[in-house]
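Here's the structure we're looking at; comments come further down.
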Amino acid sequence: MEVRELVEEIVKALVDQPDEVVCTEIEGTQSCVIELKVALSDVGKVIGKKGVHADAIRRIVHAIGGKKKKRYVLEILEER
């Protein structure tokens, strides 16, 4: 399972509108940016109180990146 797919599955379990979750991966030479788009009403659920959910997802992604020797950055975008 790819990192993008893992993030997508985790987020789909958190939100009320899982059909609107879009996760894209932009690869660079040494790092990879994972852009996460969710419905405007679900942004708070993904971030969590004081950013707890977002931090947890970022920690998982960071741990996987350490094993793969690649830097992963999670960007949470809100659709308008």
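What follows is calculated from the coordinates using simple rules that are stated; it is not laboratory data. Quantities reported herein were computed from a predicted structural model and do not represent experimental measurements. Note: ideal-geometry Cβ built from the backbone for every residue, glycine included; neighbour counts use all protein chains shown.
Computed quantities for the displayed model
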item: Cα-projected label distance for Lys68 with Ala54, points at 7 Å along beta-carbon direction, nm; result: 2.2 nm
item: Karplus 3J(HN,Hα) series, Hz, for the stretch 62-69 with 6.51 cos²θ - 1.76 cosθ + 1.60 (x for Gly, Pro); result: 5, 5, 5, x, x, 5, 8, 6
item: Among beta bridges that DSSP assigns inside the stretch 3-78, antiparallel share in %, nearest 5; result: 45 percent
item: Net dipole in debye of the chain [+1 Lys, Arg Cβ; -1 Asp, Glu Cβ; about Cα centre; nearest 20]; result: 600 debye
item: For the chain, calculated [θ]222 nm from helices alone, where every DSSP H run of n ≥ 4 adds -39500 (n - 2.57); result: -13000 deg cm²/dmol
item: Equivalent-ellipsoid semi-axes of the chain, from the Cα gyration tensor, Å, largest first; result: 21, 13, 11
item: Loop trypsin sites (Lys or Arg not before Pro), the stretch 1-37, which have at most 11 other Cβ atoms in a 10 Å radius of their Cβ (DSSP); result: none
item: 3J(HN,Hα) from dihedral phi, the stretch 19-30, Karplus parametrisation 6.51/-1.76/1.60, rounded to Hz, x for glycine, proline; result: 5, 8, 7, 10, 10, 10, 10, 10, 8, x, 6, 10
